[in-house]
Amino acid sequence: KLAMEFPLEDIFLMTASPVIKAVTNFKQVSKTLEEFDVEEQPSSLLEKRYPNIKVIQSGVKQLKSDEHKIFTEDGKEYMYEKLCLCAGAKPKLIFEGNPYVLGIRDTDSAQAFQKNLAQAERIVVVGNGGIALELVYEIQGCEVIWAIKDKAIGNTFFDAGAAEFLIPKLTAENQETPIECKRTKYTVEGNEEKERPIASSDKLGSALGPDWHEGLHLKGTKEFSHKVHIEILCEVKKIHLQQEFLQLQRTSLTFPQEEKNVEPDEVLWPVYVELTNGKIYGCDFIVSATGVVPNVKPFLDGNNFAVGEDGGLKVDKHMHTSLPDVYAAGDICTASWEPSPVWHQMRLWTQARQMGWYAAKCMAADTLGESIDMDFSFELFAHVTKFFNYKVVVLGKYNAQGLGLDHELMLRCTKGQEYVKVVMQNGRMMGAVLIGETDLEETFENLILNQMDLSAYGEDLLNPDIDIEDYFD
């Protein structure tokens with residue numbers, strides 16, 4: 001973006017890696033939704049396309065912002081007029097420096113990881129975000145113990161209902177025929193949960209109460225075709241190497257089989273994981289898919305950056321950090337402007353791309369002394385991805401983030417086919433989760449953006465017999 005805006009200026013791209021990540025197959029799905037692939041390309045391709053870009057392959061050792069200088073690991077120094085920090089984030093490892101703990105932070109490292117699985121008979125996966133979900137679904141021919149600190153899988157993207165909709169995919173050898181899910185009525189905390197199967201035309205639920213998990217069979221005592229066993233509500237307490245474990249004289253467990261008491265394990269494993277629920281499992285290695293921390297370390301020393309609670313560099317609505325001529329974008333930064341009521345920051349590829357593009361526009365505008373409006377992509381949180389081979393679209397406050405108890409949920413679910421959830425507040429749509437080929441994303445995007453009062457439509461909003469798109473064209 002900068003290279004196009006300033007064809008005569010020198011632009012340095014500093015990267016510790018010999019390859020750069022390029023966005024390919026970009027497709028604007030709707031106003032705010034975009035789909036693309038990320039692939040690694042040699043940096044020479046970028047230099048060929050834009051002669052004013054020079055890629056410097058070296059890590060950054062130090063930033064001296066008062067001198068407008070960057071010092072690289074290879075002993076060189078570079079002056080800058082304007083600097084944008086896009087150093088991303090690094091995996092938040094459960095234990096640093098343990099050779100049996102592998103950190104994973106994006107889906108391409110997840111694919112590479114799959115290749116290294118060849119020898120493994122059992123692994124332990126820790127974490128409950130997008131990466132953990134992808135990983136557990138992809139792994140085959142290997143036992144997986146999946147330790148999550150929540151009651152249901154995928155809490156970053158889903159509520160318990162969506163988790164229950166997805167779970168059969170972990171066990172399914174073949175596609176079941178779609179059947180209408182029972183509609184479950186949920187109530188807000190304090191009331192008794194009223195749960196009853198009701199006809200699809202009947203009343204829909206309100207907000208999820210505290211005991212939604214009662215009906216869920218997420219205890220993971222089933223033998224999955226993928227061989228996945230889920231341990232809920234626990235974290236890793238300790239990791240023991242084989243020698244330490246033998247000295248402990250404790251018992252580790254076999255992979256839990258259907259309907260059997262868990263047996264002590266006779267096999268000797270390279271490493272053992274002790275969970276906070278008291279169980280110990282042996283495995284070949286542990287995958288830490290427990291989120292990321294902004295990669296700010298090389299830049300903090302000697303610079304007075306304002307840093308957000310999540311450890312990122314605070315940026316204002318023009319992607320400016322607190323230091324002059326220094327901008328930041330992507331996972332390294334923390335959005336510190338007053339956000340739109342239906343947008344929030346999440347460290348995802350889609351937001352990193354949007355922020356990078358917008359930061360370049362801001363740097364250009366500042367250089368030319370022009371004013372610039374906030375980019376439209378920050379109006380509405382919108383993300384499209386794939387989990388368990390289903391298309392997944394999340395819009396706005398899809399998990400009622402920050403809405404407190406003042407909201408209600410409407411659900412429509414056809415088992416094995418689609419799961420639709422909308423978050424409503426005062427008759428207006430605030431967010432949605434769409435799993436499967438629902439074709440509702442553009443309609444719902446518009447309804448969230450224009451904040452139309454939908455009270456009059458009531459439950460018909462999600463009635464499968466009514467083509468909702470026709471209403472709101």
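Give the number of residues within the range 1-54 that are under 29 Å from the mean Cα position of the chain (by Cα), open to solvent by 90 Å² or more (accessible area, probe 1.4 Å) and in contact (Cβ under 8 Å) with a residue 40 or more places away in the chain.
2
Filtering the range 106-121 down to residues that are modelled with pLDDT of 65 or more and open to solvent by 50 Å² or more (accessible area, probe 1.4 Å), which residue is nearest to Val228 (Cα to Cα)?
Top of the filtered list is Glu121.
If I filter the range 77-87 for residues that are surrounded by 19 or more Cβ atoms within 10 Å (Cβ to Cβ) and either modelled with pLDDT under 80 or part of a helix (DSSP H, G or I) (or both), do I get at least one hit?
Within the range 77-87, none of the residues are surrounded by 19 or more Cβ atoms within 10 Å (Cβ to Cβ) and either modelled with pLDDT under 80 or part of a helix (DSSP H, G or I) (or both).
Has the range 446-463 got any residue that is surrounded by 13 or more Cβ atoms within 10 Å (Cβ to Cβ) and under 30 Å from Met4 (Cβ atoms)?
Yes, the range 446-463 has at least one match.
Considering the range 7-41 alone, what residues qualify as being modelled with pLDDT under 85 and farther than 30 Å from Leu395 by Cα?
Pro7, Leu8, Ala16, Ser17, Pro18, Val19, Gln41
Inside the range 288-320, can you point out the residues that are touching a Cys at 6+ places or on another chain (Cβ under 7 Å) and open to solvent by 50 Å² or more (accessible area, probe 1.4 Å)?
His318
Sort out which residues of the range 335-351 are modelled with pLDDT under 90 and open to solvent by 30 Å² or more (accessible area, probe 1.4 Å), and write them in order of number.
Correct list: Arg347, Trp349.
Might you check whether a residue that is polar (S, T, N, Q), touching a Pro at 6+ places or on another chain (Cβ under 7 Å), over 23 Å from Gly129 (Cα atoms) and surrounded by fewer than 18 Cβ atoms within 10 Å (Cβ to Cβ) occurs anywhere in the range 408-421?
Within the range 408-421 (the criterion being polar (S, T, N, Q), touching a Pro at 6+ places or on another chain (Cβ under 7 Å), over 23 Å from Gly129 (Cα atoms) and surrounded by fewer than 18 Cβ atoms within 10 Å (Cβ to Cβ)), the answer is yes, since at least one residue qualifies.
What's the total number of residues in the range 348-375 that are part of a loop (DSSP other than H, G, I, E, B) and either touching a residue at least 60 places away in the same chain (Cβ under 8 Å) or under 24 Å from Gly130 (Cα atoms) (or both)?
Count: 1.
The values are calculated or read from the model by the stated rules, or taken from the named source; none is laboratory data. Source: prediction; values computed, not measured. Every residue, glycine among them, receives a Cβ derived from its backbone with ideal geometry; neighbour counts consider all protein chains shown. Calculation scope for accessible area: heavy atoms of the full protein, side chains included, ligands and nucleic acids excluded. Shrake-Rupley method; radii C 1.70, N 1.55, O 1.52, S 1.80 Å.
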